[in-house]
1. Once both labels are modelled 7 Å past Cα along the beta-carbon direction, what's the Lys97-Lys315 spacing in nm?
2. Cα axis of helix 113-126 to longest principal axis of the chain: angle in degrees, 0 to 90, nearest 10?
3. Relative contact order of the chain: what whole-number percent is it, with Cα pairs under 8 angstrom and at least 6 residues apart?
4. Residue by residue through the range 233-250, which ³J(HN,Hα) values in whole Hz follow from phi under the Karplus form 6.51 cos²θ - 1.76 cosθ + 1.60 (θ = phi - 60°), with glycine and proline marked x?
5. If packing is taken as the average count of other Cβ atoms within 10 Å, what order do 122-128, 243-249, 386-392 fall into, highest mean first?
6. Taking a 29 Å limit on the Cα-Cα distance, which of the listed pairs Lys32/Lys348; Lys155/Lys716; Lys32/Lys142 fall beyond it?
7. Counting only protein heavy atoms and using a 1.4 Å probe, what share of the accessible area of the range 23-70 belongs to carbon plus sulfur, as a whole percent?
8. Could you check how much of the accessible area of the range 122-247 is carbon and sulfur, as a whole percent, using a 1.4 Å probe?
Amino acid sequence: MKSSIGLNRQQLKAVKHNKGPLLILAGAGSGKTMVITHRIAHLIKREGIPPKNILAVTFTNKAAGEMKERIEKLLGKTGVDIWISTFHSVCVRILRKYIDKLGYSNDFIIYDAADHLSLIKNCANELKISDDLYTYLFIARKISNLKNNLVTPDKFKEDAQDFNFLKKAADVYSLYQKKLKENNALDFDDLIMKTVQLFEEQSDILRHYQERFRYIMVDEYQDTNHAQYKLINLLTEIHHNLCVVGDDDQSIYQWRGANLDNILHFEKDYTDTMVIKLEENYRSTQNILNAAGAVVSKNLRRKEKKLWTKRDAGKKIVCYRTLDERDEAEFICRTIERLRSKNNYNYKDIAVFYRTNAQSRVIEDAFIMKNIPHRIVGGLRFYERKEIKDILAYLRVLVNQNDSMSLKRITNIPHRGIGGSTIEKIEHFALSEDISFFEGIKRIVKTDILSENIKKKLKMFSSMIKKLREVIKTKTVSQIIRDVLELTRYLEKLNDKKTAESEERAENVKELITAAEGFEIETGEKGIERFLDQTALISDADTLDETGAVAMMTLHTSKGLEFSSVFIMGMENKIFPHAKSMEDISEMEEERRLCYVGMTRAKDRLFLSNAERRQIYGMKQHNSPSVFLDDISDDLLERRFSKGLRHIYTPSQYRKKGKFQYSHFRYGSSFYNRESMKDINADKGESKFIRGGKVVHPQFGLGIIMAKDGKGDELKLTVDFKEVGQKKLVAKYVSLKVV
C-alpha cells in the first residue's frame, strides 16, 4: 500500500503522524476523509497497529460506512475488525454489554425525539405543571442540554433551589429519568451520558476500553459537546494518541450543545499537540472560497486559515435582488433551467438552501408549478412516520415488555375497542400496585375495575403479544414484522380505507419490511435489538438519496454535502442573519459560520438572492440586504436586479445614507438591531436587573435573568427565555422590560 498516492504535503504529514495528540484543522473541501482513511490504513499497514486497537468516530452512519469501505479498499481486504461509527453507536455497543452495572437490563429501548417529548408531557401532567412559564418543548430542550453537559437530576435540583421557576423543571427531570428507568429505556442524550457514568463508576471497564483503543480519531471535532468531549478524554487518558479533525469555521451547532472551545482549546488540553492545517481546497472555485472566507474572517473566535485551490477563479458569484419572495422563486427556477440547458447540469447537481424551513413553501410551490423535480431534505424522516412508529413500537414491546410508552401506543392500534379511558384506568392501577403497565394489563383483568367486554379484548391483546414474543428468538426481523402485520391486521385495515393517504402509509409499511431484509443481508444478523438500534440512530444525512431532483434544505442540513450549483435564498438582515442572532455576539458569529458552510457547498456556481419585500411568518417585511453581502469584495460579485426595482442600495450604501445605520449598529465584528434603544438608555443603572427577575424582550418574549456580568456599558445579562432558551445579551444595546 502506497499511502502517499494522491496526497499533498500537509495531508501526507498528517497521515504519517503516529504518536501523541494531533489536531488537523481541515478547511472545507480539503480532503479530510481521505486523510482519515489513509491515516488509519497507514497505522495498520505501516505501523503494525492491530485494527481492533483503533477507534474512529464520525457524526453520521453514512460517513462511517463510506470510511470503512475506503479503508478496506486501501488495505485490500474486507471484514477489518475496526470500530468506525458515530458517538451514539459506539455508546450503544458498550452499553449493550455493560449497562446492567447501572441497574438497567441489556435489552433497553432507545426513545426517539417524539417519545422523549411525549414522556416529558406525561411527567409534567403527573406533577400538575402547566406550560404557562415553560413550554413542554422548552423543558425537553433544557433536559437535553443538561445531559449534554453531564448534569444529573440531583445536581440540577441542587442548582435550582434558589429559583422557583427552575424547581418545576428540575422535578420534571427527576421524574422523567425515573420513568425512563422503569421502562428500561434511554433517550438519545442518555447514550453518551450513561457511558460516561459507566466509565467513571466502573474503572475496570474503562481500563479495558482504554487499553483496547490505543489510537482514537474523531471527525467533526468542532461539533462535539461536553459529554462527547468527556467521553473521549476518559478513553485517551493512558495512550494520548488522539487525532481530532475539524474546522472551527464550520461549527454551526451551538444551539444544540456543540462547544466551539473543544477545538479552540485543544492545544491547552493536550500540551504536546502537533497542529496541521489543510488549506488546499479540492471542491470550489477560488472566487467562492474568497467570498466565503471574507464572511467568516470577521469572526474574532477562530483559528486563522486561508483556503486556496489549483482550480481557476471561476465565474463570479451572482447576487440577485428581487421584488418579493415569488420573484425570488421565479429567478431560481429560471436559472436552474438555464443551467440545465446551457451547462448540462442534472437536477441532482443543484441545491437550494434557506435559513429556516418556513422559507421553503414558496420555492416548493414554484417547483411544482414549473414541473421541476425536487426533494426536501430534513423533513419528516421515514422512521418518524406514524405507521412506521406503530410497527416499531410493536417490535420494542416484543423486546422489552416494560416499555410502557410503546405499549400504550399499540394497545389500541389498530383500533380494537380499547379506548383512552381504559388505558388511563390501567395506568392508574399499575401505579397504585407499583407494577409495569404490561403487568397491569395482566392483573387488571382479574379485578372488577373494567367491564367483561373490555377485559376480553385485553386478554386477546396480551395473548397476541405473548404469541409474538415466543418467536422473536427464532425468526428474522422481516419475518416478525410480517407476523405483526398478520396478527394485528394492520395492513388490511389500512387498505380498507382506500384513500391516497392510506395507500401511501401501506407502501411505507411494506418498505419497512424491505429495510429489515436489507439489514439482514448487510449485517448477517436477525436480532430485533440491532435493527431497532439502527433505526433509532439514523440521521437526515444518512437518508439523502441521489435521485434526479433538486435538493432543498436548511443551511444547517447542508453540512457535509456538496453540489455543482448552490442557491442561498433570503440573504437579508433578520432572515439571514436571523433576527434572533442580531443581539448576541456569539450567535452572530455562528451565523457567519453558517453562511461560510452554505457557500462552500458549491463547486462551480453560487447564487445569493434577497428580496425588496417579503411575506413571511404571516407578516410583510422590508429587509435590507444581508450584512454578509457587504463583507464580499465587489470584484467577486455579479449584481443583478429584477425589473422595476428602484433606489437599489448595497449594505454599505444603506449605511452611508443613514437608512441602514438608523435601524442597525455594529458591536465588535457583529451587526445588531437597534429598535427601541431609548428604553434601556433611559435607565443605565443595573439595579432594575435582578438575578431571578423576569424580563420581556421584543423578539424573544418572556425570560428569567440567570446571571449578570460587568457594570455600566459593559453589563452583560444571561437570560433564559421561555421559547428560545438562554441568551447572553449586552444590556446597553437591547430593549428589556422588567415585569
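The values are calculated or read from the model by the stated rules, or taken from the named source; none is laboratory data. This is a predicted model, so every value here is computed, not measured. All Cβ positions, glycine included, derive from the backbone under ideal geometry; neighbour counts span all protein chains shown. Calculation scope for accessible area: heavy atoms of the full protein, side chains included, ligands and nucleic acids excluded. Shrake-Rupley method; radii C 1.70, N 1.55, O 1.52, S 1.80 Å.
1. My value for the distance between the label points is 5.4 nm.
2. So the helix axis and the longest Cα principal axis differ by about 70 degrees.
3. Once divided by the residue count of the chain, the mean separation gives 15 percent.
4. 4, 5, 5, 9, 4, 8, 8, 6, 8, 10, 10, 10, 10, x, 9, 4, 6, 10
5. On the way: 122-128: 15.6, 243-249: 25.0, 386-392: 19.1.
Ranked by mean Cβ neighbours within 10 Å, highest first: 243-249, 386-392, 122-128.
6. Correct reply: Lys32/Lys142.
7. 49
8. 45
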